[in-house]
2 protein chains.
Amino acid sequence: MASPRKAAPAPRIRLNRERVIAAAIVLADTGGLEALTMRRLGDDLNVEAMSIYNHVANKDDLINGMADAIFGEIELPSHSDDWKSAIRKRSISFREVLARHPWATTVRDSGTNPGPATLRHHDRVIGTFRNGGFSVEKTAHAFSAVDSYIYGFAMQEKSLPFTTPEETAAMAAIMLAQLPRAEYPYLAELTADHVLQPGYYYGDEFLVGLDLVLDGLATMRDTDRHPGSQPPHSRAASRP
Amino acid sequence: MASPRKAAPAPRIRLNRERVIAAAIVLADTGGLEALTMRRLGDDLNVEAMSIYNHVANKDDLINGMADAIFGEIELPSHSDDWKSAIRKRSISFREVLARHPWATTVRDSGTNPGPATLRHHDRVIGTFRNGGFSVEKTAHAFSAVDSYIYGFAMQEKSLPFTTPEETAAMAAIMLAQLPRAEYPYLAELTADHVLQPGYYYGDEFLVGLDLVLDGLATMRDTDRHPGSQPPHSRAASRP
DNA sequence: CACTTTGCCTTACGACGTACACGTAACTGA
DNA sequence: TCAGTTACGTGTACGTCGTAAGGCAAAGTG
């Protein structure tokens, strides 16, 4: 029985940061951030909880790593598209990623110590605006406006107690039944005449708001208040 | 020793839901949601942790109550203003409230079981759009777009590692020094030429994006795709 | 005044993040 | 090939968390 020498009872694949982060993401995707505990994560990895600490400094570091991994999933804006469709595509991708990983909306990492994927993503988005003719200042406006919208939308979407159109209709009917209509007539109207209509799906709102923001940015770009300086050495970050 | 009868060592004010929620908000404002523990809250209220459970069902209920209280702080859209300035004012107020209570951005309550202040707020905002000439469907678009933007902006603002312009400049200088400029040229440019400029304050971005969204909504309102039905009995929710 | 209700306190439990000490497996260079 | 070193998984333990259960005293009610 067993091989002649090296009678390894089980090869036991070693742990590493990537495996830890990947398993943590799966866990958080399934049960939310609160389901992510070091012990459960250890179970999933066939390892004791404390072993994880050989690969991440602490739970915060783990979550930062997860957040950066998520950023890596977002489709970067294409160099070949014009700025608007490049940003539009990556924004749609961004929302999809946040919908896939709802816990990521609440993670504060990005601002404090962004990882390489996050930095790369930001650099590419900023570069897309700059090369699209936005001044530095307008780029800051644009970046803030678009990403605020996306984050906020993802958060609202996540906090809804339903996802599919069927669930939506069911939940909305219940909520409407409980709602004092005399007290909240407009809310009742919106629920009855819009949310409860067949085929309603909150996610469809995303593109409406996104295009509204993008059109606004296009107008802002061409409104002269700050003539707009030259983008920096435009070839630096090329090569996809 | 002590008074003849009723030797009350201290009158000991009774607890109630409002006092609990108010103290919890102060705690969360100071140290974030993670500083809010039942024991610490008890200390602040001169009470044992378990006593709190006579006034809230559990910690989630407490947080929901906090969220609803926060909504009550937001200035409702005025009936006398036109829709745009009414929404603009309440949006600015909304952001101020979220900046004052950063923990509130992450609370998921609103969607699942909103409190009375939340419902009232939503009803008034929806009503403002309806009476401003938005169809039911366009009202849904508008509501989603504006609130997504506000939530997202508040979240980004909160996640920045600085608040005042001085802090901003200091932090930005440090981050810029650590940033591989060759790898992230656009990010470096934005930081150096914009964020590091004297007087830069991220909060100023808010109005830029907000007005962009509001202008977009005004355009959308007047674009005919759905003629727009009549608002429901317009006098229902009057009286400020 | 007795009786009921309300609300605060004490104790206790299981789950959490993680410090610390220990052992063993994997790698290193002679 | 093998001793020495480093890397990594384990076991135990501590302090903190949310909160269930039960007791007891104050407030409200007849």
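The values are calculated or read from the model by the stated rules, or taken from the named source; none is laboratory data. Just so you know, these numbers come straight off a predicted model, no measurement behind them. Glycine also receives a Cβ, built like all others from the backbone with ideal geometry; neighbour counts cover every protein chain displayed.
With the structure loaded, tell me whether residue A:153 is at the interface with chain B (Cβ under 7 Å from one of its Cβ atoms) and in a helix (DSSP H, G or I) or whether it fails that test. Judged against the criteria, residue A:153 is a match.
Answer yes if at least one residue in the range B:85-106 is among the β-branched types (Val, Ile, Thr), more than 16 Å from DNA strand C (Cβ to nearest atom) and within 11 Å of chain A (Cβ to nearest Cβ), and no otherwise. Yes - at least one qualifying residue is present in the range B:85-106. Restricting the range B:160-184 to residues that are within 7 Å of chain A (Cβ to nearest Cβ) and modelled with pLDDT under 90, the residue that is nearest to residue B:214 (Cα to Cα) is B:160.
In the set (1) more than 15 Å from DNA strand D (Cβ to nearest atom); (2) assigned to a loop (DSSP other than H, G, I, E, B); (3) more than 30 Å from residue B:132 (Cβ to Cβ); (4) modelled with pLDDT of 95 or more, the condition left unmet by residue B:75 is number (3). Checked against the criterion of being surrounded by 21 or more Cβ atoms within 10 Å (Cβ to Cβ) and within 16 Å of residue A:92 (Cα to Cα), the candidates A:140, A:154 yield just one match: A:154.
Identify the residue in the range A:201-233 that is farther than 19 Å from residue A:85 by Cβ and facing chain B (nearest Cβ under 9 Å) and, among all such residues, is modelled with the lowest pLDDT.
A:229
Taking first residues from the range A:28-53 that are in contact (Cβ under 8 Å) with a residue 60 or more places away in the chain and of a type in the set (Lys, Arg) and partners that are within 12 Å of DNA strand D (Cβ to nearest atom) and outside any helix (DSSP H, G or I), no Cβ contact under 6 Å between residues at least 6 apart in sequence or on separate chains turns up.
Considered as a group, the residues in the range A:7-59 that are near DNA strand C (Cβ under 8 Å from one of its atoms) and modelled with pLDDT under 95 include one that is farthest from the other protein chains (Cβ to nearest Cβ), and that residue is A:8. The residues on offer are B:123, B:68, B:43, and the sole one that is within 13 Å of DNA strand D (Cβ to nearest atom), in a helix (DSSP H, G or I) and acidic (Asp, Glu) is B:43.
Restricting attention to the range B:60-84, the residues that are within 16 Å of DNA strand C (Cβ to nearest atom) and either touching a Ser or Thr at 6+ places or on another chain (Cβ under 9 Å) or within 14 Å of another protein chain (Cβ to nearest Cβ) (or both) total 1. Do the conditions hold for residue A:89, that is, is it part of a helix (DSSP H, G or I), among the charged types (D, E, K, R), without any contact (Cβ under 8 Å) to a residue 40 or more places away in the chain and surrounded by fewer than 21 Cβ atoms within 10 Å (Cβ to Cβ)? Considered against the rule, which asks whether it is part of a helix (DSSP H, G or I), among the charged types (D, E, K, R), without any contact (Cβ under 8 Å) to a residue 40 or more places away in the chain and surrounded by fewer than 21 Cβ atoms within 10 Å (Cβ to Cβ), residue A:89 comes out as yes.
I'd like the full set of residues that are of a type in the set (Phe, Trp, Tyr) and more than 30 Å from residue B:108 (Cβ to Cβ), limited to the range A:9-55.
Matches in the range A:9-55: none.
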